[in-house]
Amino acid sequence: MAQLINGKELAENLQQETATRIEELAKRGIHPGLVVLLVGENPASQIYVRNKERVAKKIGIHSAVKRYPATITEAELIKEIEFFNQSTEFHGILVQLPLPDHINEDHILLAIDPAKDVDGFHPLNIGRLFAGMPQTIPCTPYGIMKMFEAYDIPLAGKKAVVIGRSNIVGKPMGMLLLAADATVTMAHSKTLDLPAVASEADILVVAIGRGHFVTKEFVKPGAVVIDVGMNRNAEGKLIGDVKFDEVEPIASHITPVPGGVGPMTITMLMQQTVECCERQVLDHE
Ligand code: GUN
């Protein structure tokens, strides 16, 4: 039986720490602000954005959601971002992805001031992470590193396999594990004999976006299994990328879905909003 990694509980503890930091800033008249830009009506994005707003409010971050029709042009959206780059009210800017097909995501991410890039998606911040001088870090892999730390899971010298190579999760996860001295394999949908590769792992991070894709054949007994998946099954129920019931008996630690990685992502977003604010305001005192 695996030990459950309780992301919900850890997220609440870390949010409390961030809330305390926000109270300290408030005493000095400083109020961290986060603006979220939401384009179109993507139902999953609506839920994510609502959750972000709820947590921001709970811990005392000044937050605003700007909604734009799916017909907004790339140039118009960039103009909006440039406005918020100049604003002193908002220290963090998040453009919810995915964007409509006629907008080039790369152009949008490049338009965000790297100092306000709370997602850590700007190429400058990706490059900083790659070069070992991180500033903002993509929130999901950052939250997963906090889980390893909180549960005293050693990484140095361990074999880590990351399944999935997105810019949002897989690639930065690999860099963070490497920086923590793990031996990292980046696997993905084209990897040959994925179960054989995955079952070498002491640490297995799954971010492939396919419901119940990882079965017990992918998992070495005693491995730590982190499930980044957020999929809906035929009944509309939220399920992970890992077949939990089958893997849980053989893993040493495992994250549930929901209540695992999800709450950590939002928590790291809030922490990084506060850190961006501190760098922008305090460093100029
Ligand atoms: N879409 C799915 N996950 C994320 C995220 O972490 N940040 C942004 N901006 N969009 C997302």
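Computed from point charges on the beta carbon alone (+1 for Lys and Arg, -1 for Asp and Glu), the dipole magnitude for the chain about its Cα centre is near 300 Debye.
Distance between the C-alpha centres of region 78-112 and region 178-220: 33 Å, rounded to the whole angstrom. The charge dipole of region 1-156, taken about the Cα centre with unit charges on the Cβ atoms of Lys, Arg (+1) and Asp, Glu (-1), comes to about 480 debye, rounded to the nearest 20.
Would you tally the net charge around L176, using a Cβ to Cβ cut-off of less than 12 Å, leaving L176 out, and scoring K and R as +1, D and E as -1?
Working: positive: K146, K171; negative: E149, D181.
Net local charge, L176 excluded: 0.
Work out, step by step, the length gained on full extension between R54 and L110: first 0.36 nm times the residue separation, then minus their alpha carbon distance; give nm to one decimal.
Roughly 17.4 nm would be gained on extension.
Taking Lys and Arg as +1 and Asp and Glu as -1, the other residues whose beta-carbon sits under 13 Å from that of G164 total +2.
Remark: F90, F130, F148 ranked as F130, F148, F90, counting other beta-carbon atoms within 10 Å and listing the fewest first. Legend: P(r) of region 1-72 from all alpha carbon pair distances, 10 Å bins from 0, whole percents, reading 17, 36, 28, 16, 3, 0.
If the only charges are +1 at each Lys and Arg Cβ and -1 at each Asp and Glu Cβ, what is the size of the charge dipole of region 194-265 around the Cα centre, to the nearest 20 debye?
Once rounded to the nearest 20, the dipole reads 180 debye.
Relative to a virtual label point 7 Å from the Cα of E9 in the Cα→beta-carbon direction, which members of region 200-237 show backbone nitrogen distances below 11 Å? Inside the label zone: nothing. Distances between placed amide hydrogens fall under 5 Å for A223 paired with S252, all partners being 5 or more residues away or on another chain. Averaging 1/r over every pair of different alpha carbons in the chain and inverting the result gives a Kirkwood radius of 19.5 Å. Of all lysines in the structure, those lying under 29 Å Cα to Cα from K158, and not within fewer than 8 positions of it along the same chain, are K8, K146, K171, K190, K216, K220, K243. Under the simplified labelling scheme, the E24-L282 pair shows an inter-label distance of 0.6 nm, with each label point 7 Å from Cα along Cα→Cβ. Compute the acute angle (0 to 90°) between the alpha-carbon long axis of helix 170-179 and the principal axis of greatest extent of the alpha-carbon atoms of the chain; round to the nearest 10°. Its long axis makes an angle of about 80 degrees.
Every read-out reported here was derived from the displayed coordinates using simple, explicitly stated rules and does not represent laboratory data. As the structure is a prediction and not an experimental result, all values here were calculated from the model. Note that we place each Cβ from the backbone using ideal geometry, even for glycine, and neighbour counts take in every protein chain shown.
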